[in-house]
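Novice: Just passing along the structure, written as structure tokens.
The values are calculated or read from the model by the stated rules, or taken from the named source; none is laboratory data. Computed from a predicted structure; not experimentally measured. Cβ: placed from backbone, ideal geometry, glycine included. Neighbour counts: every protein chain shown. Only protein heavy atoms, including side chains, enter the accessible area calculation; ligands, DNA and RNA are left aside. Shrake-Rupley method; radii C 1.70, N 1.55, O 1.52, S 1.80 Å.
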Amino acid sequence: MPIAREFRETVQTRAKADARYHAAMLTVAINELLAGDLGTAKAILRDHVNATITFERLAKETGLPVKSLQRMLGPMGNPTAENLFTVIKALQDAGHITMAVKPTRHAA
């Protein structure tokens, strides 16, 4: 089921106004990648880009064409690891965020 326009606009408005929410969106997207849920990660990254720097600015920052970025983060997109990490790096830089992976153990 597609997300309602009002919900998407609410997310974008909050991400623009709240730096912690903005960082949390990126964190959740990366956690979904690490959990193996590429579809959810791409959807969150797409919303994050739309709510923050736009695809046009992301294209300038990454050197990748706008259309390629939109396809890559679309539902049928299949980004390469290199392009995905290039996008994540650009989003970190734009948001003045540094992400780090911290290993934890879960109960067996």
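Novice: If a residue must be surrounded by fewer than 17 Cβ atoms within 10 Å (Cβ to Cβ) and of a type in the set (G, A, S), how many such residues does the range 26-72 contain?
Specialist: Counting residues in the range 26-72 that are surrounded by fewer than 17 Cβ atoms within 10 Å (Cβ to Cβ) and of a type in the set (G, A, S) gives 5.
Novice: Residue under question is L69, and the condition is that it be part of a loop (DSSP other than H, G, I, E, B) and modelled with pLDDT of 95 or more; does it hold?
Specialist: Values: part of a loop (DSSP other than H, G, I, E, B): no; modelled with pLDDT of 95 or more: yes.
Against the criterion (part of a loop (DSSP other than H, G, I, E, B) and modelled with pLDDT of 95 or more), L69 does not qualify.
Novice: For the range 73-101, which residues satisfy the criterion of being open to solvent by 90 Å² or more (accessible area, probe 1.4 Å) and assigned to a helix (DSSP H, G or I)?
Specialist: Within the range 73-101, E82, F85, K89 meet the criteria.
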